[in-house]
Amino acid sequence: MSKFVSIETLEGKSLWINTEAITRLEMDDDGNTVVYLSDGQKPVATPYDTLDFFMLFLSPKKDAD
């Protein structure tokens, strides 16, 4: 199931992305995560490091029963 999340870019803008469209995450020279998407958009630079990006946006959340 598709999951859309709002991420902050390095320019301070909010961008909605489909997490299933993420093809690659890379860390730039400053420690920020660059997100590559399958829809052909240019890569998006974020102020998060890769581990934080994963934990905030991509890690599965368990439902509390």
*asked:* List the residues, sorted by chain then number, that are 5 or more residues from residue 27 or on another chain and whose placed amide H is less than 5 Å from its amide H.
replied: 34
*So between residue 59 and residue 15, what do we pick up on full extension, going 0.36 nm a residue minus the alpha carbon distance?*
14.0 nm
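Report in % the part of the accessible area of the chain that belongs to carbon and sulfur, leaving out ligands and nucleic acids; probe 1.4 Å. Write out the running numbers ahead of the final one.
Numbers: 2510 of 4770 Å².
Result for the chain: 53 percent of the exposed heavy-atom area is carbon or sulfur.
In Å², and per residue, what accessible area does the chain have when probed at 1.4 Å with the other protein chains present? Before the final figure, lay out the partial values.
Working: 4770 Å² over 65 residues.
Here the residues of the chain average 73 Å² of exposed surface.
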_Dimensions in Å of the chain - Rg and Dmax from alpha carbons_ = 12.0, 42
*Any idea which of 4, 47, 31 is furthest toward the positive side of the dipole for the chain, if Lys and Arg beta-carbons carry +1 and Asp and Glu beta-carbons -1?*
4
*With label points built 7 Å along Cα→Cβ from the Cα atoms of residue 51 and residue 4, find their separation and express it in nm.*
3.2 nm
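The values are calculated or read from the model by the stated rules, or taken from the named source; none is laboratory data. Please read these numbers as outputs of a predicted model, since none were measured by experiment. Counting neighbours? That spans all protein chains shown, and the Cβs are built from the backbone with ideal geometry, glycine included. Each accessible area value is taken on the protein alone, full model and side chains, heavy atoms only, with ligands, DNA and RNA left out. Shrake-Rupley method; radii C 1.70, N 1.55, O 1.52, S 1.80 Å.
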